């Protein structure tokens, strides 16, 4: 007998959505709707709900967030237009999930957020949601100009008073990140925004893309039953090309070129345990290969799953990884291309025949693309000029994000150092984070070492070819530079240098190493908030394994054996008052235990702090260390 139940399920994705014969829809996984707060007492963020369009059939609304205004009533802020995730069929801009997220993000980013409430499938199949989000973005941009079509009801004072329309960003998670791509690819390129507003940057968090051809670890069979394919059929049943429609497959037939994406910066975030992880990386690689001229960055959190940065805070779970990603997103929104480095010492010019030390210095260009340069130092020559000197290729410290080979600090140090050690120094100016996150600096330093080696026969620099002993090439560095020394020495163990040049020795001065497990006197509580931990996440946000990446933790699981160090002499220098002292000793012991066959030495100076010899090269202990290194270079 036929059922008379008016509530028969006609379509279902178990646990996710049920569509009934009477037209009602159940969404079991929706987070509860929460009200806006005109002034959140904890964060200082204000929020309110606004109507963008109430014209049928396109009711579009949003929740807008404003950080605490601290400077003036006319303070201008970046504008971030956000499209929520939920597979195009569930979740809401008004839910606890997103409200909680923006209360965390907005004060960090100091930006206005417009979180768009677009129409959902299956009641409103795609492309309705795409159209709504484009209309919402146009509405936001219209506040940049006195558009006569806008009535008082449709203008938003927070945008008029505080929106900086030279800094407009868009972003989204999952399906929302898919919307971000499609606005950049299909809309904002061919169609201008009101006021000729340009999108500066875009954040795609765990983006929802798919296709009929599996990538990475995606299953090769059962495509019809695949969750992401089932969702696409539900939300866009009439999509031409199905799962290869360019809206879901950015490389599908007829898809617009990724080279024309209409912004200048993109931040793609993926999670190692997310079923969409490989698609996010696939998209990142496709954009890089497309010829797009902007700057694209990839961040992966290996041990997390889909939308962890939203779910864990909303569920009141303490999550350092969620906080880390939210902080990175805030940094992306804050970044206008300028960087202040308050602790940077002034730059000084090189000097031919320094009157105090008789050391000569000059600046050279190693590479124009990428930009790598160096300051060379030459000791006072003998009357016959027939002496050759050891060559020390040096990598300065500064946490990978400040200081310079051309700074007063290092220039003063090397004038003193070279006069007492009788060696040629090539002090490398490598690219710094955050403008150039690691591993850029590592690559630059390796290229600089190769350039030095190549001078033995090609494109010879006269100081190096006439006075350098290419049988005695050393590398050295302090702090972050000491970390670079390790990574270059490991690379020299597997990759040959030009002209058959060999690396003789390595100097580690107060090297910057770290790990997730504290050692020695390192604090057990608050370890993840310690300076070495925070610096690493800042300079290498996409580092696989975080602080246990082998570049920072040389004994991490999967790190190459230290017996592969590509030199025959190593000296590790530490200072008793230095917070990195225990890491230097730890590294020395690890090399000793590895079976590395070279000559290994540890020197500790009691009563001194981090890089004391750089700051005070002419102090008693500074001179003592320089004399020790002179013996190391000439022995």
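The values are calculated or read from the model by the stated rules, or taken from the named source; none is laboratory data. Please read all numbers here as calculations on a predicted model, not as lab measurements. Cβ placement follows ideal geometry from the backbone for every residue including glycine, while neighbour counts extend to all protein chains displayed.
The residue that is nearest to residue 276 (Cα to Cα), counting only those in region 303-324 that are in contact with a strand residue (DSSP E or B) (Cβ under 9 Å, 6 or more places away or on another chain) and at pLDDT 95 or above, is 306. Exactly one residue among 611, 585, 570 is in contact (Cβ under 8 Å) with a residue 40 or more places away in the chain, more than 16 Å from residue 476 (Cβ to Cβ) and buried (at least 16 other Cβ atoms within 10 Å of the Cβ), and that residue is 585. In region 255-283, the residue that is modelled with the highest pLDDT out of those that are part of a loop (DSSP other than H, G, I, E, B) and out of contact with any helix residue (DSSP H, G or I) (no Cβ under 9 Å at 6 or more places or on another chain) is 272. Among the residues of region 487-502, those that are surrounded by 18 or more Cβ atoms within 10 Å (Cβ to Cβ) and touching a strand residue (DSSP E or B) at 6+ places or on another chain (Cβ under 8 Å) comprise 488, 489, 492, 497, 501. Is it the case that region 473-486 has a residue that's surrounded by fewer than 23 Cβ atoms within 10 Å (Cβ to Cβ) and farther than 22 Å from residue 576 by Cβ? Within region 473-486 (the criterion being surrounded by fewer than 23 Cβ atoms within 10 Å (Cβ to Cβ) and farther than 22 Å from residue 576 by Cβ), the answer is no, since none of the residues qualifies.
Annotation: of all residues in region 19-31 being in contact with a strand residue (DSSP E or B) (Cβ under 7 Å, 6 or more places away or on another chain) and assigned to a loop (DSSP other than H, G, I, E, B), the one that is nearest to residue 109 (Cα to Cα) is 31.
For region 434-444, the criterion of being touching a helix residue (DSSP H, G or I) at 6+ places or on another chain (Cβ under 6 Å) and modelled with pLDDT of 95 or more is met by at least one residue. Residue selection: residue 24 satisfies the criterion of being surrounded by fewer than 17 Cβ atoms within 10 Å (Cβ to Cβ), free of Cβ contacts under 8 Å to residues at least 40 places away in the same chain and farther than 24 Å from residue 166 by Cβ.
Among the residues making up region 236-254, those that are within 34 Å of the chain's Cα centre (by Cα) and surrounded by fewer than 18 Cβ atoms within 10 Å (Cβ to Cβ) are 251, 253, 254.
Assess whether residue 351 counts as being outside any strand (DSSP E or B) and within 22 Å of the chain's Cα centre (by Cα). Criteria not met by residue 351. Under the condition of being in contact (Cβ under 8 Å) with a residue 24 or more places away in the chain and under 29 Å from the mean Cα position of the chain (by Cα), the residues counted in region 201-235 number 16. Just one of the listed residues (441, 476) is assigned to a helix (DSSP H, G or I) and in the same structural domain as residue 408 (by TED's automatic domain parsing), namely 441.
Every residue in region 614-634 that is touching a residue at least 12 places away in the same chain (Cβ under 8 Å) and in a loop (DSSP other than H, G, I, E, B), please. Of everything in region 614-634, those that are touching a residue at least 12 places away in the same chain (Cβ under 8 Å) and in a loop (DSSP other than H, G, I, E, B) turn out to be 617, 618.
Condition test on residue 509, is it in contact with a helix residue (DSSP H, G or I) (Cβ under 8 Å, 6 or more places away or on another chain) and under 26 Å from residue 392 (Cα atoms)? It is true that residue 509 is in contact with a helix residue (DSSP H, G or I) (Cβ under 8 Å, 6 or more places away or on another chain) and under 26 Å from residue 392 (Cα atoms).
The set of residues in region 153-176 being farther than 19 Å from residue 93 by Cβ and over 29 Å from the mean Cα position of the chain (by Cα) consists of 153, 155, 157, 160, 161. Just wondering, is there one or more residues in region 315-329 that are on the phi > 0 side of the Ramachandran plot, exposed (fewer than 13 other Cβ atoms within 10 Å of the Cβ) and either in contact (Cβ under 8 Å) with a residue 40 or more places away in the chain or assigned to a loop (DSSP other than H, G, I, E, B) (or both)? Yes, region 315-329 contains at least one residue that is on the phi > 0 side of the Ramachandran plot, exposed (fewer than 13 other Cβ atoms within 10 Å of the Cβ) and either in contact (Cβ under 8 Å) with a residue 40 or more places away in the chain or assigned to a loop (DSSP other than H, G, I, E, B) (or both). Of everything in region 504-521 that is part of a loop (DSSP other than H, G, I, E, B) and farther than 19 Å from residue 559 by Cβ, the residue that is modelled with the highest pLDDT is 510. Among the residues of region 393-402, are any surrounded by fewer than 24 Cβ atoms within 10 Å (Cβ to Cβ), modelled with pLDDT of 95 or more, farther than 20 Å from residue 483 by Cα and in contact with a helix residue (DSSP H, G or I) (Cβ under 7 Å, 6 or more places away or on another chain)? No, region 393-402 contains no residue that is surrounded by fewer than 24 Cβ atoms within 10 Å (Cβ to Cβ), modelled with pLDDT of 95 or more, farther than 20 Å from residue 483 by Cα and in contact with a helix residue (DSSP H, G or I) (Cβ under 7 Å, 6 or more places away or on another chain). Counting only residues that are touching a helix residue (DSSP H, G or I) at 6+ places or on another chain (Cβ under 6 Å) and either part of a helix (DSSP H, G or I) or within 21 Å of residue 416 (Cβ to Cβ) (or both), region 591-602 holds 2 of them. Being farther than 29 Å from residue 436 by Cβ, touching a residue at least 40 places away in the same chain (Cβ under 8 Å) and surrounded by fewer than 20 Cβ atoms within 10 Å (Cβ to Cβ) is a condition met by no residue of region 527-541. Out of 405, 374, one residue alone is in contact with a strand residue (DSSP E or B) (Cβ under 9 Å, 6 or more places away or on another chain), assigned to a loop (DSSP other than H, G, I, E, B) and within 22 Å of residue 489 (Cα to Cα). It is 405.
Looking across region 354-371, the residues that are in a strand (DSSP E or B) and more than 16 Å from residue 404 (Cβ to Cβ) come down to 360, 367. Of the helices (runs of 4 or more DSSP H) entirely within region 83-189, those holding at least 2 residues that are at pLDDT 95 or above and farther than 21 Å from residue 260 by Cα occupy 96-109, 128-141, 157-162. Which of the residues that make up region 330-348 are closer than 29 Å to residue 77 by Cα and in a loop (DSSP other than H, G, I, E, B)? Listed by number, the residues that qualify are 335, 336, 337, 338, 339, 340, 341, 342, 343, 344.
Taking region 284-314 as the range and being in contact (Cβ under 8 Å) with a residue 60 or more places away in the chain, part of a helix (DSSP H, G or I) and within 17 Å of the chain's Cα centre (by Cα) as the test, only 309 passes.
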